[in-house]
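Working notes, beginning with the structure itself.
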Amino acid sequence: MGKPNEGRSRVVIDNVQPELNCGHFPIKRVLGEKVLVEADVFADGHDHVRARLLWKRDCEDCWQQVEMAPLGNDRWRGEFAVEHLGRYVYTIAGEIDRYGTWRSDLEKRMDAGQDLKVPLQTGAMLLEHFASVADRDDAIRLRKWAAMLHPSNGDPHADLEAAAVAFEDEITETVRRYPDLALETRYGRELRVFVDREKAGFSSWYELFPRSWSLTPGKHGTLRDVAARLDYVAEMGFDVLYLPPIFPIGKSFRKGKNNSVDAASSDVGSPWAIGSSEGGHTVIHPQLGTMEDFLQLVKRARQLGMEIALDIAFQASPDHPWATEHPEFFKKRPDGTIQYAENPPKKYQDIYPLDFESPNWKGLWDELERVFSFWIEKGVYIFRVDNPHTKAFPFWEWVIDELTSKYPGVIFLAEAFTRPRLMERLAKLGFSQSYTYFTWRNTKDELIEYMRELTETPLREYFRPNFWPNTPDILAESLKAGGLPAFKSRLVLAGTLVANYGIYGPAFELGENTPAKAGSEEYIDSEKYEIKTWDLTSAVSLKPLITRVNRARRQNKALQSNWSLHFHSVDNPTILCYSKRAWDSKTEEDNIVLVVVSLDPVNVQSGWVTLDLEMLGLDRDDRFIVDDLLGNGQFVWKGATNFVELRPQEIPAHLFWVRKGI
């Protein structure tokens, strides 16, 4: 082993957090958020060290910097805010703090009553050194302070007065503007941050099938029908309208009702069997309308404060133009025919999966990138990507980087209910949000354990959960067994545990919970295979409750992020209690939300909540008001222990806004 380029750099930088895969992947933030960075920074011997956090936008040359604060045991912390979309980089620099070391030693000598002549001379030399590299104004000040440090002719009192100059904070601040770049240690990696727009971190999704949105029962709905009735969704407070695939549906091997392999001539097929003689992924299904109709829907959604999210499923029906124009995009059977999709024992004869090991993989990648770009140019900046874990990881890393570079602000939701490592990898590759296991986490212990994994481990740096109580593919066991009370509690959990959530409606608000068969997660008469008629005026609709939950989410800053989530003790295993807290710059005060949810859809449940008052910013004897934003009244609480009672047939949850100072 040879000598290093600069063997006098003595500082060590280690255990930097956050750092993903040795810096290969970026962490995620949204506009205005802070990046909190910690590291071990130390050196041999007893010299003091200083650590600086450096950051810049990827497109900039000059670094910005801030001094990191010592946390003890050689751990340091610093932070910076991200104020632009796109890519940032950050790293850490450490060096021997010569002035800080000298000042600390001087203080010890003063306390011991030692002679200060030589230490003062040393300090003056240090300040002269800094003056030699400082700008003109700082150099003048540093030389003045150096002159004040020169020792007297043996007068201890005068020396003490001179020494006192060394402890002025202004000197330290000035000296720190001139780090010793030649001898500093720079962390070996430049780590990355990807900054999304706010909606990537806080959004409320509503999914609907346009073909079921006609006012005439049984008639195929259109995009114009959706635009005409969009107020219904807006009134509930959703800001993302998610549409399943709106492209032509293949006729070959079309699926009938309830996923039957024998379709009648009147069956409309699955929207995920994409492509016909009318076109593929860049064409509107003729029965839904025209491209002009789609553009008008995008416009109407914006007028109502919403965006359109489009489902992108990279697969093809046997009738898709790709099947004839690019047969090399697909896997072949031994007889040369294209292999349809299978997940043994299930068969999907109406779908051809793409082959990412195709000899023409570059052409395939370009074609798929073109699909995204086409819809972005039409005004779609949010995509729900179907089964991304069944496509090649390198493709996603490339295409998301390409698209976010060309179109800042585009958002991708990964629909991947699969193994944890695959879901995590997709998030690292660039997916803005991710589906989760929320649907299958039902008990108090399961929910607490899962939420702590999402919010208290390194996962929180890059994996943004999006909670869905139901989807067209998943009718959760909790909803089947618990009826409307379970729908209510799962709504509150989804909308308050995390900042991004969605529902598949109108099935959700109308309490649709009949499975295709016992033990199945499929709906009977699933909307995936037929046109449904929904009674949006039904008396059992949960629309009023959904509206209140979404209003609370918009009005409370605490519900717009995940990291402040904190669980509180309840002496009843069927009641879950948690809080979120955030500084609201608009009101210039803490915003505190406390949620209490019963997990029992049948019985009245009660218990004593024991609050962690410190986490809420409250003192032991404080009286405070809790306003139930779901309409269940206002209460005055005092101290840590308070009583709750929840009735599932009414509203099995409290969503409290906590007001201090009563």
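Values as computed for the structure displayed
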read-out: Qualifying residues in the stretch 261-288 (those that are free of Cβ contacts under 8 Å to residues at least 40 places away in the same chain and under 17 Å from LYS347 (Cα atoms)) - the one surrounded by the most Cβ atoms within 10 Å (Cβ to Cβ); value: ALA263
read-out: Residue match in the stretch 135-148 (condition: under 18 Å from ALA163 (Cα atoms), open to solvent by 80 Å² or more (accessible area, probe 1.4 Å), in contact with a Pro (Cβ under 9 Å, 6 or more places away or on another chain) and hydrophobic (A, V, I, L, M, F, W, C)); value: no
read-out: Index of the failed condition, PHE25 passing every other in (1) touching a residue at least 24 places away in the same chain (Cβ under 8 Å); (2) touching a Leu at 6+ places or on another chain (Cβ under 7 Å); (3) under 30 Å from GLN560 (Cα atoms); value: (2)
read-out: Sole exception among (1) within 30 Å of THR404 (Cα to Cα); (2) in contact with a strand residue (DSSP E or B) (Cβ under 7 Å, 6 or more places away or on another chain); (3) not in a strand (DSSP E or B) for GLY188, by number; value: (2)
read-out: Among residues of the stretch 167-183, those that are in a helix (DSSP H, G or I) and of a type in the set (D, E, K, R), counted; value: 3
read-out: Residue ID - modelled with the highest pLDDT, chosen from residues in the stretch 34-72 that are open to solvent by 70 Å² or more (accessible area, probe 1.4 Å) and charged (D, E, K, R); value: LYS34
read-out: Some residue of the stretch 605-613 being within 21 Å of MET451 (Cα to Cα), modelled with pLDDT of 95 or more, under 24 Å from the mean Cα position of the chain (by Cα) and part of a helix (DSSP H, G or I); value: no
read-out: Residues of the stretch 419-465 classified as in contact (Cβ under 8 Å) with a residue 24 or more places away in the chain, open to solvent by 60 Å² or more (accessible area, probe 1.4 Å) and more than 30 Å from SER598 (Cα to Cα), total; value: 1
read-out: Sole exception among (1) more than 30 Å from ALA481 (Cβ to Cβ); (2) open to solvent by less than 40 Å² (accessible area, probe 1.4 Å); (3) under 31 Å from the mean Cα position of the chain (by Cα) for GLY639, by number; value: (3)
read-out: Residue match in the stretch 531-546 (condition: open to solvent by less than 30 Å² (accessible area, probe 1.4 Å) and β-branched (Val, Ile, Thr)); value: yes
read-out: Residue within the stretch 149-158 that is modelled with pLDDT under 95 and surrounded by 16 or more Cβ atoms within 10 Å (Cβ to Cβ) present; value: yes
read-out: Subset of the stretch 497-553 (residues that are among the acidic types (Asp, Glu) and at positive phi); value: ASP525
read-out: Subset tally (residues that are aromatic (Phe, Trp, Tyr), under 20 Å from the mean Cα position of the chain (by Cα) and either at pLDDT below 95 or not in a loop (DSSP other than H, G, I, E, B) (or both)) for the stretch 348-392; value: 1
read-out: Residue match in the stretch 16-33 (condition: open to solvent by 40 Å² or more (accessible area, probe 1.4 Å) and under 11 Å from TRP76 (Cα atoms)); value: yes
read-out: Qualifying residues in the stretch 263-280 (those that are part of a loop (DSSP other than H, G, I, E, B) and out of contact with any Lys or Arg (no Cβ under 9 Å at 6 or more places or on another chain)) - the one farthest from GLN560 (Cα to Cα); value: SER265
read-out: Every pair of residues 6+ apart whose Cβ atoms lie under 6 Å, when the first sits in the stretch 575-591 and is within 18 Å of GLU33 (Cα to Cα) while the second is among the hydrophobic types (A, V, I, L, M, F, W, C) and assigned to a loop (DSSP other than H, G, I, E, B); value: LYS580/LEU565
read-out: Meets criteria (touching a residue at least 24 places away in the same chain (Cβ under 8 Å), surrounded by fewer than 14 Cβ atoms within 10 Å (Cβ to Cβ) and either over 39 Å from the mean Cα position of the chain (by Cα) or under 30 Å from ALA39 (Cβ atoms) (or both)) for GLY201; value: no
read-out: Any hit, the stretch 572-585, residues being assigned to a loop (DSSP other than H, G, I, E, B), out of contact with any His (no Cβ under 9 Å at 6 or more places or on another chain), open to solvent by 40 Å² or more (accessible area, probe 1.4 Å) and modelled with pLDDT under 95; value: yes
read-out: Residue tally, condition free of Cβ contacts under 8 Å to residues at least 40 places away in the same chain and within 13 Å of ALA200 (Cβ to Cβ), over the stretch 392-410; value: 2
read-out: Output for the stretch 642-655, where each listed residue is in a strand (DSSP E or B), of a type in the set (D, E, K, R) and surrounded by 14 or more Cβ atoms within 10 Å (Cβ to Cβ); value: none
read-out: Residues being in a helix (DSSP H, G or I) and at positive phi - total across the stretch 399-448; value: 0
read-out: Looking only at the stretch 293-331, and only at residues there that are acidic (Asp, Glu) and within 33 Å of the chain's Cα centre (by Cα), the one that is nearest to TRP205 (Cα to Cα); value: GLU307
read-out: Whichever residue in the stretch 103-114 is surrounded by fewer than 20 Cβ atoms within 10 Å (Cβ to Cβ) and in contact (Cβ under 8 Å) with a residue 40 or more places away in the chain and, among such residues, is farthest from the chain's Cα centre (by Cα); value: MET110
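The values are calculated or read from the model by the stated rules, or taken from the named source; none is laboratory data. Remember, predicted model here, so these are calculated numbers, not experimental data. With ideal geometry, Cβ positions are generated from the backbone for all residues, glycine too; neighbour counts draw on all protein chains shown. Accessible surface areas use protein heavy atoms only, side chains included; no ligands, DNA or RNA. Shrake-Rupley method; radii C 1.70, N 1.55, O 1.52, S 1.80 Å.
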